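Please read the structure below before turning to the comments.
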Amino acid sequence: MSNRILIVEDEPEIAELEKDYLELSGFEVSIEKDGTSGLAKALAEEFDLIILDLMLPGMDGFEVTKQIRETKNLPILLVSAKKDDVDKIHGLGLGADDYITKPFSPSELVARVKAHISRFERISGSAQTANETVEIRGLKIDKSARRVWVNGEEKTFTTKEFDLLTFLAEHPNRVFTKEELFSEIWEMELVGDIATVTVHVKKIREKIESGKGKPEYIETIWGVGYRFKG
Ligand code: CA
């Protein structure tokens, strides 16, 4: 069965170009032309990856990403026309997996799509043969279902937050530098920087820590990086 891609793009020439290249690479491709219909399609059907333009009529790509992330974990590749958007993507910690700025070459797009899908499948697939569940004190991570509970209450995580939390929890009591975590979790990304790690750790803490006193799970080792308390 071929992998399914959803393109949400309001410029027909770009959408068709992306579609042609992806179909040549064996993907099955659907196109939606605005944010509202793109979101509806993304939620109603199963896709392996979404290519999402940021500037869309109706609902913009930021809002679409936010809403998809409330229920879905699949890779999202944002397409932006402005360099300014890059700062905004980082700042929001939106849970998009990657972004690409226009103009880009279709072959680069296809390469990124392939890399994200194989990585996502590798993570999901390996979870089924390895230990299914990681439990540390009040924290429970179901790796195959990609779900997390804190003291019995389920919390929603973006793909990268989940990957980072799981990686740390599976290597307790070990200090990792931000560079190590970045290359582990964002391995094939051509862009991005280690500040992304800080943003993601902050988001994870907001969900798993009580906020009172010292962090119970993820400690900051000043000047070095982070350590998960086992
Ligand atoms: Ca657009």
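Every read-out reported here was derived from the displayed coordinates using simple, explicitly stated rules and does not represent laboratory data. Quick caveat, the model's predicted, so the values are computed rather than measured. Here the Cβ is made from the backbone with ideal geometry for all residues, glycine too, and neighbour counts use every protein chain on show.
One quarter of the convex hull surface built on the alpha carbon atoms of the chain amounts to 12.8 nm², the projected area averaged over directions. Largest mean-square fluctuation among Lys202, Lys140, Lys83, in a Gaussian network model of the chain whose springs join Cα atoms under 10 Å apart, belongs to Lys83.
Between Lys83 and Glu206, how high is the FRET efficiency from 1/(1 + (r/R0)^6) when r is the Cβ-Cβ distance and R₀ = 22 Å? Nearest 0.05. The formula returns an efficiency of 0.15 here.
Each stretch of four or more DSSP H residues adds -39500 (n - 2.57); spread over every residue of the chain, this sum gives -13500 deg cm²/dmol at 222 nm.
Contact order normalised by length for the chain, with contacts defined as Cα pairs under 8 Å and 6 or more residues apart; what percent is it? For the chain, the relative contact order is 13 percent.
Stretching the chain fully between His171 and Ala145 yields a gain of 7.4 nm (0.36 nm per residue, less the alpha carbon separation). Once the Cα-Cα distance is subtracted from the 0.36 nm per residue extended length, the Val224 to Phe104 segment shows a gain of 39.6 nm. Taking amide H positions as modeled 1.01 Å from N, with prolines and chain starts lacking one, the residues under 5 Å from Ile31 and 5 or more places away or on another chain are Ile7.
Quick one: divide the alpha-carbon radius of gyration of segment 139-230 by 2.2 N^0.38 Å and tell me what you get.
1.03
Taking every DSSP bridge with both residues inside the chain, close to 50 percent are antiparallel.
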